[in-house]
Amino acid sequence: MKNNPFYIFLFLSLLTSISSNCQSQDEKMLKDIYNATLTNSKCYDWLDFLSNKIGSRLSGSVGAEKAVNYTKGQLENLGLDRVFLQEVMVPKWVRGEKEIAYILDNNKKTIVPVCALGGSIATSKNGLTAQVIEVQSIKELASLGLEKIKGKIVFFNRSMDNGQLEAFNAYSGAVDQRYSGAKEASKYGAVGTIVRSMNLRLDNFPHTGAMSYGDIPKENYIPTCAISTNGAEILSKLLKKNSELKFYLKQSCQKFDDVLSYNVVGEIKGSEHPENIIVVGGHLDSWDLADGSQDDGAGVVQSMEVLKVFKNLNYKPKNTIRVVLFMNEENGGKGGKKYNELAQTNNENHIFALESDSGGFTPRGFTFECSESQLIKMQMWKNIFEPYNIHLFAKGHSGSDIEPLESKNIIKAGLRPDSQRYFDYHHAKNDTFDSVNKRELELGAATMASFIYLIDTYGI
């Protein structure tokens, strides 16, 4: 009887009907989420305040403190079940006076745009003047050796690879010279380093970012700065004509003891499985050259918007949905580490974490840290995202703040917007509110909320 064709047909028809009905419900929910976000969002207004009323938010700064208080207040206004702060000790590094740099080629002085890298020491009060040696990689230092490097400024001029279709791959292929260049050059007697900005286009904006001296003795620390891509082109061209030219650099940055700051956390308690936690977040801190609208004000307000749209739609999640605004992603990652530490202490069970830290551009999809079977399951949702031009569902990096998060069977994901323009603004003076398109920002928030809904509804 169980092999009767009629019953088989009936069973398959029932499955098809259930699947179709579920998909219809999901399609309606996604439509409601996108409509609510595109017509009644607060994320652009929140970003306006963060960017234009508060400004830069480097860890340990007054701006960071104001951002904590502002976002906590806004989350409380949403009527969430709980809003709280997590204490975290963060680095405090201050840039000081604007940097000065110029090339001395015989009697000619050519001013070039530079900025100190985050964590660098200062030059002397009179500045630093030395000959320059250009290299393309850290590895090249060893081939040059102490004899050719000692007493000189090392100029790391390897550009991001324009041949890479994915801009983040181009960044990953070049950023080691920014982070470790000074540490490695100092081993060969260099007195300073200059690093070509992490930027795919030619412009006059130097891009800052974190650097590290690692475990070398403090007496071996040397000042390091980023030079704009146009400046790098000029310096390289002049060096080819005159290898004896000199470079002048003056910067007055300072590092202080760690100070107290906070992660900002808000949540909607789960109606069926409150013990299971879904996290959505971005990092609240930004570099000090601008207001950090793309990196990562956009991710912060998009994450807040996810909870707002659920409240507006009166959606009751099965699992606890938590927004986390992490502190200190840029120069230490202390916020993400502290969040995980507290999660372990409190025996919290995180089932999914989604981070937005790739700018507020048009969303394309997600990258996941998960098993193959989990990826296949999530790829089955691609068809209901098709009307919204969301197509990327692939394995890849999720996000720096959720990277430390440990939990049994957790899936980690990163929102992936179009990346082509991101590094025009990343860590630079032009990362300002006017670089963010309102509709693109809202589309990203709606895409995040939609995926969180599916995870909450169907699990992993």
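Annotations for the structure displayed:
- Ordering VAL264, VAL323, SER419 by Cα displacement along the dipole of the chain toward the positive end leaves SER419 in first place; charges were set at the Cβ atoms of Lys, Arg (+1) and Asp, Glu (-1).
- For region 336-352, backbone phi angles converted through the Karplus equation (6.51, -1.76, 1.60; θ = phi - 60°) give residue-by-residue couplings of x, 5, 5, 4, 5, 4, 6, 4, 5, 4, 8, 6, 7, 10, 8, 9, 7 Hz, Gly and Pro being listed as x.
- Region 342-370-region 158-215 distance, computed between alpha-carbon centres (Å): 27
- Pairs of alpha carbons in region 90-203 separated by more than 24 Å make up 31% of all such pairs.
- Take the chain with all the other protein chains still there, run a 1.4 Å probe, and you get 44 Å² of accessible area per residue.
- Eligible lysines near LYS382 by straight Cα distance, threshold 18 Å, same-chain separation 8 or greater: LYS28, LYS31, LYS395, LYS412
- Calculated diffusion of region 166-268, Stokes-Einstein form, Kirkwood radius summed over Cα pairs, 10 °C and 1.306 mPa s, µm²/s: 99
- Think of the chain as having a plus end and a minus end, set by charges on the Cβ of Lys, Arg, Asp and Glu; of GLY192, ILE149, HIS273, ILE149 sits farthest toward the positive end of this dipole.
- Given LYS98/LYS152; LYS148/LYS246; LYS152/LYS246; LYS109/LYS241; LYS109/LYS150, the pairs whose alpha carbons are separated by over 20 Å: LYS98/LYS152; LYS109/LYS150
- Computed helical MRE - 222 nm, the chain, DSSP H runs ≥ 4 contributing -39500 (n - 2.57), nearest 500: -11000 deg cm²/dmol
- At an R0 of 30 angstrom, the distance between the Cβ atoms of SER137 and ILE111 translates into a FRET efficiency of 0.65.
- For the listed peptides 254-263, 315-324, a ranking on the average number of other beta carbons within 10 Å per residue, highest first, reads 315-324, 254-263.
- A cut-off of 5 Å between modelled amide H atoms, ignoring neighbours fewer than 5 places along the same chain, links ARG416 with ARG364, GLY365, PHE366, THR367.
- Computed about the Cα centre, the dipole magnitude for the chain is approximately 840 debye when only Lys and Arg (+1) and Asp and Glu (-1) carry charge, each at its Cβ.
- Helix 139-149 vs. the chain, principal-axis angle (Cα, 0 to 90°, nearest 10): 20
- Sparsely packed loop sites in region 30-122 (the GluC sites (Glu not before Pro) outside DSSP H, G, I, E and B with at most 12 other Cβ atoms within 10 Å) comprise GLU97.
- Within region 121-172, the trypsin sites (Lys or Arg not before Pro) that combine a DSSP coil assignment with at most 15 other C-beta atoms in a 10 angstrom radius are LYS125, LYS150.
- Of LYS66/LYS429; LYS72/LYS183; LYS187/LYS240; LYS72/LYS250; LYS408/LYS438, those spanning more than 31 Å from alpha-carbon to alpha-carbon: LYS72/LYS183; LYS72/LYS250; LYS408/LYS438
- Share, in percent, of DSSP beta bridges within the chain that are antiparallel, nearest 5: 55
- Principal-axis analysis of the Cα atoms of the chain puts helix 5-40 at an angle of about 50° to the longest axis.
- Convex hull volume per residue in cubic angstrom - Cα atoms of region 364-460: 111
- Relative contact order %, the chain, counting alpha carbon pairs below 8 Å whose residues are six or more apart: 21
- Hydrodynamic estimate: the Kirkwood radius of region 208-330 over Cα pairs, inserted into Stokes-Einstein at 20 °C and 1.002 mPa s, corresponds to D of 113 µm²/s.
The values are calculated or read from the model by the stated rules, or taken from the named source; none is laboratory data. Owing to the predicted nature of the structure, the values given are computational and were not obtained by experimental measurement. Here Cβ is always computed from backbone atoms with ideal geometry, including for glycine, and neighbour counts include all displayed protein chains. Keep in mind that these areas ignore ligands, DNA and RNA; they rest on the heavy atoms of the full protein, side chains included. Shrake-Rupley method; radii C 1.70, N 1.55, O 1.52, S 1.80 Å.
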